[in-house]
Every structure is written in C-alpha cells, then in structure tokens.
Amino acid sequence: MGRRHHSIIAKLNRNTKERQSLFKVQLKQLIELGSITTTITKAKIIKRLFDRLAAKASDGTLTSRRLVAAQLSSPKSANRLVDLIIPVMGGRRSGFTTIQKTGVRRGDSTTTASISLIVPLPETPKKEINKK
C-alpha cells in the first residue's frame, strides 16, 4: 500500500479513532450550540465536514436522516439538523458555516477561531407539561 499524497485531513497528532471522535463531538456541538471556538486547523476541517453533512441532510428523506445519524452517532442531533437548521438555510447547497479568527490561545500561542452557522439557530420547540 502506498501513501496517499496530499491528504486532505490533517493528522492533528492523533490516531484515526481519536481524530474521528474529536470531529464527531465538535460537529454535534456545532449543531447544538450554533457556534464553537477551536483552533484554525480544526475549524477548517469541521467546516468541510459540516458542509458535507448538511448537503446530505438537505434532502430531508428518511435515508438522508439515517445517514446523518449514523455519521454523528446521534439521532437527536441528526433530527435537529434536518428539522430545524436546514430549512432555515434557505436552499443553500454549500457555505453553511463561517470561520472568524478570535485571537491567540494563552497556553500554547495557537491561533483560535470561532466557527458558526451562517443563519442564527431557531429556538428549540419546548414541550409543555400539563400540571394538575
């Protein structure tokens, strides 16, 4: 087996499982919160992964919902993406997120960035509890 030259995803000093887990957690947080702060390298990767995920979810079919849920390992996050976030985006095919540099991290002088959704998140519908 040869090496894949010009590999797209940076290694980030982690093995494959740790890297996949990191991206999965950050994608879930982006879907839940609408914005996260991380390093620029991770933000660029998360942007690419979220755009692919949102493009899959834009169909709104059961198959696309299951594919997104399998990739996130969270049906709750997949449903939130398909039901709340994608309809608000207004038919976009890409460019769902934006990256803004926020400064330098104090501990290791790494440049940090905030990645957020283009459109602000809609309020989550809350279930009313009938009290007797």
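Bear in mind these aren't lab numbers, they're just calculated from the coordinates by the rules spelled out. All values reported here derive from a predicted model rather than from experimental measurement. Please note: Cβ atoms are built from the backbone with ideal geometry, for glycine as well, and neighbour counts cover all protein chains shown.
Listed here are the residues, each with its yes/no results for (1) in contact with a Leu (Cβ under 7 Å, 6 or more places away or on another chain); (2) within 29 Å of Gly90 (Cα to Cα).
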position: Asn15; (1), (2): no, no
position: Gln20; (1), (2): no, no
position: Ile45; (1), (2): no, yes
position: Leu53; (1), (2): yes, yes
position: Thr61; (1), (2): no, yes
position: Ala69; (1), (2): no, yes
Would a scan of the range 13-28 turn up a residue that is surrounded by fewer than 16 Cβ atoms within 10 Å (Cβ to Cβ), more than 22 Å from Val82 (Cα to Cα) and in contact (Cβ under 8 Å) with a residue 60 or more places away in the chain? no
May I ask you to say which residue of Leu12, Leu49, Leu30 is in contact with a Lys or Arg (Cβ under 7 Å, 6 or more places away or on another chain), under 28 Å from Val104 (Cβ atoms) and among the hydrophobic types (A, V, I, L, M, F, W, C)? Leu12
Assess whether Val119 counts as being over 12 Å from the mean Cα position of the chain (by Cα), aliphatic (A, V, I, L, M), over 23 Å from Arg19 (Cβ atoms) and not in a helix (DSSP H, G or I). yes
Any idea which residue in the range 46-57 is nearest to the chain's Cα centre (by Cα), counting only those that are crowded, with 20+ Cβ neighbours inside 10 Å and free of Cβ contacts under 8 Å to residues at least 40 places away in the same chain? Leu53
Do you know which residues across the range 72-99 are assigned to a helix (DSSP H, G or I) and in contact (Cβ under 8 Å) with a residue 40 or more places away in the chain? Leu72, Ser77, Arg80, Leu81, Leu84, Ile85
